[in-house]
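Heads up, the thing below is written out as structure tokens.
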Amino acid sequence: MGMISPYSFTLPGGVQMQALYLARALRRRGVSVSLLGPCDGPPPEPDIIPIGNSLFIAANGSFAPIAFDVPAFQRSYSVLRDQRFDLLHVHEPLVPAPSLAALVSKRAPLVATFHAAGTSAAYENVSPVLRWVCNRLDWRGAVSAEAAELARRHLGGRYEVLFNGVPVERFRETKPHPTEGPTIFFVGRHEPRKGLAVLLEAMRRLPPDVVLWVGGEGPQTETLKRRTANDGRIRWLGRLSEDEKISRLCGADVFCAPSLHGESFGVVLLEAMAAETAIVATDIPGYTRVARPGVEASMVPPGDAERLAADLRQVLAAPGDLVARGIERAEQFSMDRLAERYAAVYERVLS
């Protein structure tokens, strides 16, 4: 089978990492999987077929690394024609170029997973032609009820909700990154909806021995660096490889996800649970569906720096119960379980 991500496999992101890990889990089940998508540099795995470089395009309050030019469409068509896949699994089917090319050409039965939730200009401005193209899908899935509702509202159709997964075994095998004291970890694009500015404000209320690791970069990076230039507790790490991200997740005492909105499924919270790290996050639907407030995570209102600081201080002092329950929760969302569910979908579609 072929599995398609419209987002660059060489840049960090939730959708493309879900595709990579799901492909690995399917191979363990005996399914032959090739991945197709943009790559900005050498593909990170031998079974990835690159269709060109990506450009950052504004989407859902963020910027997505996609390949949307005519050559990318042409390469996608050529690969789909030449590979003769038995089945295609398309992530974010409305995004150009490879995902949309798979729907337009329909060289094999099509399974689609919708990831976006909340509001989306791409969905709101969808044309009748794209609605017709989506009718070529043989099965439609979504990573959350919110993602299913967004797609259903603008495209129609029926959707089965299949959670995102986490490769639990990889976290168990990773050596934790060393720390210098009580350590909080944030990773994500530095843009308003991710709430990093709120976390930095909360840091002003935390004890002097607390260290904050800040992973990622974005349009707010330089402004936020200047604003906190006198605070030596904040370590700006820049863009992280997947290996370093996992190592730091395993090493930190608390993972903080202060997003304000726009999260369809908090897969990074599952990763923190698999890393045996306590979580403080905002009380938004994409997060509470994954981590239950007061059970696997401490939840605070979005944008409330004072409450965020109070909960961070409390969890740093006593993370034990959250960690224990988080480990159990991560097992429920393991990538192997997700691969089993998708394998059943593929068999159903092919029959």
**Message:** If I build a Gaussian network model for the chain, linking alpha-carbon pairs within less than 10 angstrom, which residue out of 280, 90, 315 has the largest mean-square fluctuation?
**Reply:** 315
**Request:** Counting only C-alpha contacts under 8 Å and six or more residues apart, can you give the relative contact order of the chain as a whole percent?
**Result:** 15
**Asked** Are there chymotrypsin sites (Phe, Trp or Tyr not before Pro) in region 293-351 that DSSP marks as loop and that have at most 12 other Cβ atoms within 10 Å, and which are they?
**Response** none
**Request:** Mind running the shape call on region 1-120? Use the C-alpha gyration tensor, a ≥ b ≥ c as the square roots of the eigenvalues: rounded below 1.5 for a/c, prolate if a/b tops b/c, oblate otherwise.
**Result:** rounded
**Item:** Residue with peak Gaussian network fluctuation, the chain [Cα springs, cutoff 10 Å], from 128, 167, 65
**Value:** 128
**Asked** Say we join alpha carbon atoms closer than 10 Å with springs in a Gaussian network model of the chain; which of 291, 25, 275 then has the biggest fluctuation?
**Response** 25
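Restricting to DSSP loop positions (anything but H, G, I, E, B) with no more than 12 other Cβ atoms inside 10 Å of their own Cβ, which trypsin sites (Lys or Arg not before Pro) remain in region 125-171? Intermediate values should be presented prior to the final figure.
Values: sites: 131, 136, 140, 152, 153, 158, 170; in loops: 136, 158.
Qualifying residues, ordered by number: 158.
Can you give me the accessible area per residue for region 104-202, using a 1.4 Å probe, in Å²? Please list the in-between numbers first.
Numbers: 4300 Å² over 99 residues.
Per residue, region 104-202 has 43 Å² of solvent-accessible surface.
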**Request:** Enter the Cα centre distance for the pair region 1-77 and region 215-257, rounded to the nearest angstrom.
**Result:** 25
**Message:** I'd like the distance separating the alpha-carbon centroids of region 129-205 and region 86-118, in whole Å.
**Reply:** 18
**Asked** Taking the Cα atoms only, what angle lies between the long axis of helix 145-155 and the longest principal axis of the chain, rounded to 10 degrees?
**Response** 40
**Fill in**
Projecting the Cα atoms of 154, 177, 238 onto the charge dipole of region 117-264, where Lys and Arg contribute +1 and Asp and Glu -1 at Cβ, the residue farthest towards the positive end is 154
**Prompt:** Which percent of the accessible area of the chain is formed by carbon and sulfur heavy atoms (probe 1.4 angstrom)?
**Reply:** 50
**Fill in**
The helix 335-350 Cα axis meets the longest alpha-carbon principal axis of the chain at an angle in degrees, between 0 and 90 and rounded to 10, of 20
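Of 76, 351, which has the most accessible area with a 1.4 Å probe, and how do the rest follow in descending order?
Details: 76 0, 351 125 Å².
Greatest to least solvent exposure: 351, 76.
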**Asked** Can you give the angle from 0 to 90° between the axis of helix 14-28 and the longest principal axis of the chain, with both taken from C-alpha atoms, to the nearest 10?
**Response** 70
**Prompt:** Can you list the HN-Hα couplings for region 203-217, worked out from phi with the Karplus curve (6.51, -1.76, 1.60; θ = phi - 60°), rounded to whole Hz and with x for Gly and Pro?
**Reply:** 4, 5, 9, 9, x, x, 8, 7, 9, 10, 8, 10, x, x, 7
**Fill in**
SASA check, residue 183, accessible area w/ 1.4 Å probe, all protein chains in place, rounded to nearest 10 Å², comes out at 0
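Can you tell me which of 236-242, 297-303 comes out highest on packing, and rank the rest after it, using the mean Cβ neighbours within 10 Å?
Values: 236-242: 13.6, 297-303: 20.4.
The most tightly packed comes first, giving 297-303, 236-242.
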**Prompt:** Quick one: Karplus J couplings for region 300-313, per residue in order, coefficients 6.51, -1.76, 1.60, θ = phi - 60°, nearest Hz, x for Gly and Pro?
**Reply:** 10, x, x, x, 9, 5, 5, 5, 4, 4, 5, 5, 4, 4
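If you take every DSSP beta bridge fully contained in region 24-110, what fraction is antiparallel? Give it as a percent rounded to 5.
That works out to approximately 55 percent antiparallel.
Students sometimes get this wrong: rank 226, 348, 189 by accessible area, probe 1.4 Å, all chains present, largest first. Before the final figure, lay out the partial values.
Values: 226 160, 348 125, 189 65 Å².
Largest to smallest exposure gives the sequence 226, 348, 189.
Which shape class applies to region 197-324: rounded if a/c is under 1.5, otherwise prolate when a/b exceeds b/c and oblate if not, where a ≥ b ≥ c are the square roots of the Cα gyration tensor eigenvalues? Can you show the working numbers first?
Numbers: a/c = 1.35, a/b = 1.27, b/c = 1.06.
Cα axes put region 197-324 in the rounded bin.
For 77, 287, what's the largest-to-smallest order of accessible area, 1.4 Å probe?
Working: 77 80, 287 10 Å².
Of 77, 287, the descending order of accessible area is 77, 287.
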**Prompt:** Taking amide H positions as placed 1.01 Å from N in the peptide plane, with prolines and chain starts having none, which residues 5 or more places from residue 279, or on another chain, fall under 5 Å of its amide H?
**Reply:** 255, 298
**Item:** Computed over region 145-257: relative contact order in percent, which uses C-alpha pairs under 8 Å that are six or more apart
**Value:** 35
**Asked** What accessible surface, in Å², does a 1.4 Å probe find on residue 134, ignoring ligands, DNA and RNA and rounding to the nearest 10?
**Response** 0
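The values are calculated or read from the model by the stated rules, or taken from the named source; none is laboratory data. Since the model is a prediction, treat every value here as computed from it, not as a measurement. FYI the Cβ positions are ideal-geometry reconstructions off the backbone, even for glycines, and counts take in every protein chain you see. Side chains are part of the model used for accessible areas, which takes the heavy atoms of the whole protein and leaves out ligands, DNA and RNA. Shrake-Rupley method; radii C 1.70, N 1.55, O 1.52, S 1.80 Å.
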